[in-house]
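Each remark here refers to the structure printed beneath this line.
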Amino acid sequence: VNDRNGYEPHEGGNIYAIAQFYPRLAVYNDVEGWQNMPYWQRSEYALEFGNFKVSITIPADHLLNATGELVNMKEVLTAEQYNRYQKAKTTFDKPVMIVTEQETEQRMKDGAKGKTKTWKFEAENVRDFAWVSSRTYMWDAMAVKVGSKTPMAESIYPKEGGNLWKDLSTKAVAHTLKTYSKYTFDYPYPKAVSASVQWQGMEYPMICFNGGRANADGSYDEFMANGLVGLVIHEVGHNFFSMIVNSDERQWTWQDESLNTYLQNIAEQEWSKDFPSARLKASQIVPYMQKPQEEMMPIMTQGDLLTDFGSEGYSKSSVGLHILRNLIVGQENFDYAFKTYAQRWMFKHPTPADFFRTLDDASGTDLDWFFRGWYFSTEVVDLGVKSVTELYASEVSTPMGKGFKFSTQKSNSDIYESDAIKDYLKENPGLKVQKPKYFYEVEYERVGGMPMPLLVTFNFEDGSSTEIRYPVEVWRFPHRPLKKMYGFEKPLKSIEIDKNQETADVNLKNNSWSK
């Protein structure tokens, strides 16, 4: 098996994973004309939609699954297997075994005896076709409620898949269809299949090839379970990006991989709050962004020229989308914008500009600064506390009435409420005025070129703390000092920036100040 297809040598019969086996049409769009760059291993494809009618003749003892609906099911399955599939179409809580382990063992024992079967599939509005076949396969399936549709979630795997595949694969397929549909559009195809092919992780319309096997006794541990679930979610998720939202994978790796990874993280967290998602938190991209800038490439680099394919094609953009959702735009607003992009561009060929413009437009937020810095450059986030000055306040008279004078020297004068404040409190009896005794001027710095919201935590000597979150607009004058004055009722002990590492700050050494 290579990166995309091939066969897995297997005791009792090889597993065949077949793709890219026919001439495929190049895409012509109104932006770039013909998208006809040749295939180059890591970078994938630019493909056009079409309708397929495919007949595949294989040895009679093989079990096969493929892109599209199996239109001659009664001819290739036994009556009992056919009835099980009909039952699975109304079973939503757990998979139904369509072809059992015992039937597979008997099929392998009997052999084909020179006989063949022809499996016929039909698929509408898909950009590719792939299939798997083996005499070692068994098959399970269940129905999934997605809007007004009930697509089938299916898995096909050998005995070596063990309880790992029986327990998790099809449920993970179903979970993916439900979760992705919630954040994009209702899954439009009739099924999604997870096919077991060792050393694989590759997607095609309605079917994907996934590695991962159980222990020899059929058991599995948490690491193996998380590995399979994460892989299935990612590869099935590619049905949405780029099988339906059909970007040019050959040119822009990130436009399908990172958007899919972003939703994969959400689906993993909805599968289990403790799921160890790898490209979710801002802190997870920091090791990459701490590299020398000359060793990094902008996300907006042609896929086969990326120097760190995983970070630049998957991780950085995925983490960036989570930062937008959780920190900058807000979850509700961002979810609406992301769904708008998916629905606006399903069954079309969006460019990166279409993605950026849609997020801007649908969120009602100017995000040009973020896209420019995060996608088109290698600038990093590095915010810091430059200086803290303790101030003392004394009351003074001004032409406008009583006011305050701040100095670095302590005065003997006491501080009183001004007449204006007293009058305002009388008019608003429910309000309580704070009477700060401790004043500080804090200067912040932006060392890195990538701006981010300024998240400041103030820790006081009594053990309490408070947080102030400034929007990214505080950096709109990057060459001016950013100074803020604060008044507190208790003495300040320390200041921390980005305490919970939400901004991908690459240098935590300048993020704090202690008295």
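A short reminder: the numbers here are calculations on the coordinates, not readings from a lab. Since the structure is predicted, the reported quantities are computational estimates derived from the model, not experimental observations. Cβ sites come from the backbone with ideal geometry, for glycine too, and all protein chains shown count toward neighbours.
Of the trypsin sites (Lys or Arg not before Pro) found in the range 64-129, those that fall in a DSSP loop while having at most 10 other beta-carbon atoms within 10 Å are LYS113, LYS115. Distance from the Cα centroid of the range 120-199 to that of the range 35-81 is 13 Å (rounded to whole angstrom).
Annotation: for a label point projected 7 angstrom from Cα along Cα→Cβ of LYS94, no residues of the range 191-233 have a backbone N closer than 14 Å. Compared with the direct C-alpha span, the chain from ALA60 to ASN428 gains 123.9 nm at full extension, assuming 0.36 nm per residue.
Computed over the chain, relative contact order equals 11 percent, with contacts defined as Cα pairs under 8 Å that lie 6+ residues apart. Charging the Cβ of each Asp and Glu at -1 and of each Lys and Arg at +1, and nothing else, the dipole of the range 263-375 about its Cα centre rounds to 140 debye. Dividing the summed helix terms, -39500 (n - 2.57) for each DSSP H run of n ≥ 4, by the number of residues in the chain produces a 222 nm estimate of -8000 deg cm²/dmol to the nearest 500. Under 5 Å between amide hydrogens, built in the peptide plane, is the criterion, and for ILE98 it picks out TRP139, ASP140, ALA141 among residues at least 5 positions away or on other chains. Using only alpha carbon pairs under 8 Å that are at least six residues apart, calculate the relative contact order of the range 263-375 and give it in whole percent. Answer for the range 263-375 is 22 percent. Principal-axis analysis of the Cα atoms of the chain puts helix 331-345 at an angle of about 40° to the longest axis. Averaging sequence separations of C-alpha pairs under 8 Å and six or more residues apart, then dividing by the length of the range 421-515, give the relative contact order as a whole percent. That works out to 33 percent. Only Lys, Arg, Asp and Glu carry charge here, each on its Cβ (+1 for the first two, -1 for the last two); on that basis the range 1-76 has a dipole of about 120 debye about its Cα centre. Could you list, in their original order, any pairs among LYS171/LYS281; LYS53/LYS149; LYS89/LYS115; LYS171/LYS316; LYS87/LYS191 whose Cα atoms are separated by more than 20 Å? LYS171/LYS281; LYS53/LYS149; LYS89/LYS115; LYS171/LYS316, as the Cα separations exceed 20 Å there.
Between amide H atoms placed 1.01 Å from N, distances below 5 Å from LYS493 occur with ASN459, PHE460, GLU461, all of them 5 or more places distant or on a separate chain.
About the centre of its Cα atoms, the chain shows a dipole size close to 680 debye [charges on the beta carbon of Lys, Arg (+1) and Asp, Glu (-1) only; nearest 20 debye].
Taking amide H atoms as placed 1.01 Å from N in the peptide plane, the amide H of SER377 lies under 5 Å from those of ILE299, each 5 or more residues away in sequence or on another chain. Label positions at LYS74 and GLN102, each projected 7 Å from the Cα along the C-beta direction, are separated by 2.6 nm.
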